[in-house]
1. Calculated FRET efficiency, residue 64 and residue 42, Cβ-Cβ r, R0 22 Å, to nearest 0.05?
2. Sorted from fewest to most neighbouring beta carbons within 10 Å, what does the list 123, 90, 192 look like?
3. When the chain is fully extended, how far beyond the present Cα-Cα distance does residue 136 get from residue 149, taking 0.36 nm per residue of separation?
4. Spin-label point model (7 Å from Cα, Cβ direction): what's the residue 107 to residue 120 distance in nm?
5. Please work out how much length the chain gains when fully extended from residue 100 to residue 192, using 0.36 nm per residue of separation minus the C-alpha to C-alpha distance, in nm with one decimal.
6. Set the Förster distance to 30 Å, then compute FRET efficiency between residue 50 and residue 183 from the Cβ-Cβ distance, nearest 0.05.
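Values in this text are rule-based calculations from the coordinates and carry no lab data. This one's a predicted model, so the numbers in the text were calculated from it and none came from an experiment. All Cβ positions, glycine included, derive from the backbone under ideal geometry; neighbour counts span all protein chains shown.
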Amino acid sequence: MKKITIILIGLLSYTLTTGQTYSSIVNDNEIYDFLNWLTINTKKFSEEPKLKQKQICHKILSWKKDVFFIDTIRENNQLIIFDYNCLYQSKYGTDTIFNQQDRDFIFQQFIAIKDSIWHTSFSNSKLLINQKQKRFNRHYYSIPLFSLDKEYVIIDKYYLCGTACAYGGYYVYKRIGKKKWEFITVINPWMS
């Protein structure tokens, strides 16, 4: 009887964890629901082929730890502070969108990221796995990080359109329905 109980507990824990490939905190369904919505609803850039599916790199874009931390160094006996904590700035309004509990939860998700490649493509997209495929007209997505109540999400994403052509930043969205989101702001946008 004990062996059967142990086997059942093992199967149950395996079943519960298989829905969490990318994060040990957020369920894969929540991640894919957002990314499916994003790929369907993000307008194509003018450089993208009009009738083709979005081309998405199979490698997950890594969150950079310096967006969460403040670094300090000593130089000539003076303390120099570099504030990289760019996700929560007043000029983007994210200092009021994300309260301290949200920030802690977002950081916990950052630490809990488990995988570095996408295993399944998203709606209206094609995962590019073969490195011999052309590298332009390709989207890159990080694991989306959610607020504690899952009403807001932030994602690092960029689009590579050529040798000196790319767009990106940290994008914030707000939930407006069961599986619908609304763009709120972009943090540290860049273009080349």
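1. It comes to 0.50.
2. Ranking 123, 90, 192 by Cβ neighbours within 10 Å, fewest first, gives 90, 192, 123.
3. In short, 1.0 nm is gained.
4. About 3.2 nm, to one decimal.
5. Here the answer is 29.8 nm.
6. FRET efficiency, residue 50 to residue 183: 0.85.
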